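Heads up, the thing below is written out as structure tokens.
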Amino acid sequence: MTALSGHDAKRLHDLAMAILTEREPVRVWPLLMERLIADLPVDLAVLIDLDWRAGTGHAQTGSPDWLYEAPLDALIHAHMRAHPLLRHYAHTRDRTPHSLDEVADDRWWKSEGYRAGKAAIGIDRQLALPLNSRPGQIRGVIMSRSGHGFTDRDLEFADLARSLLDTVSAYEKVVLDMPKLGDPAEYGITLREMAVLALLDEGLTAHAIGSRLQITEKTVVKHKENLYRKLGVHDRVTALKKGRSLGLLPIEPPAG
């Protein structure tokens, strides 16, 4: 393994400081996706949670924002078992970051799964950061960029970044300040959607939520629509009531 350059060390230091100093806990994972895009750099980064045995999974959060318009869950459900990186981590105990080029053969580049991902989100070269997860499940970050593959230095940086992300993942419930609350993933609700629901509970408008999460108002509206659909409701008041009944929000709303 090569010695970490001063530039790489600074990037890791800045990433750790961004985690520690983020004042909005709901922003931590989206912030990590944004930083990975800038630091490696890559075109996109997505946090995924998969149940390999059931063949199901969800994209929890990602960057850039246009990914929220992409059919990520549909891609996961249709092609996860054929994806070389996911198959590798499902069938081994390996938790080392790998690039797609390291584990894929010619069949992948000619497959329906590759063509579908390329058409939907432009995936080409990919790098996975596998995080600690329960047996039969895969949790990790998938990053992609086009034009060229990943170098040994990229993989070394990814391995060190992975340890930071694992720490965040291990203390996720503390970081998100949601002890004893339900699991949003059980209802297909992503971390970004959960952040929007929590801020709706604070009484914020779509414009204010966008400012707080540093996303556009249009993206907030899209998250609200997804929330309402997943919760089976049609308005804010009913969404908050349903969120409390499912244990996703505290029984008592935040003091205003």
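Worth a mention:
- Trypsin sites (Lys or Arg not before Pro), loop per DSSP, at most 12 other Cβ atoms within 10 Å - longest free stretch of the chain: 181-256
- Alpha-carbon gyration tensor eigenvalues x 5, square-rooted, for segment 66-119, Å: 20, 14, 10
- Loop-located GluC sites (Glu not before Pro) in segment 182-244 whose Cβ has at most 14 other Cβ within 10 Å (DSSP): Glu202
- Approximate shape of segment 205-252 as ellipsoid semi-axes (Cα gyration tensor, √5λ), whole Å, largest first: 21, 13, 8
- Expected-Rg normalisation [2.2 N^0.38 Å, Cα atoms] applied to segment 14-151: 1.02
- Dimensions of segment 94-231 along the principal axes, based on C-alpha atoms and rounded to the nearest Å, stand at 51, 32, 28, largest first.
- Lys, Arg +1 and Asp, Glu -1 on Cβ, resulting dipole of segment 59-123 about Cα centre, debye, nearest 20: 220
- Lys, Arg +1 and Asp, Glu -1 on Cβ, resulting dipole of the chain about Cα centre, debye, nearest 20: 560
- Viscosity 0.692 mPa s, 37 °C: Kirkwood-radius Stokes-Einstein D of the chain over Cα pairs, µm²/s: 172
Every number in this text was worked out from the coordinates using simple rules, so none of it is lab data. Bear in mind the structure is a predicted one, so any value in this text is a computation, not a measurement. Quick reminder, even Gly has a Cβ in these numbers, built from the backbone with ideal geometry, and neighbours come from all protein chains shown.
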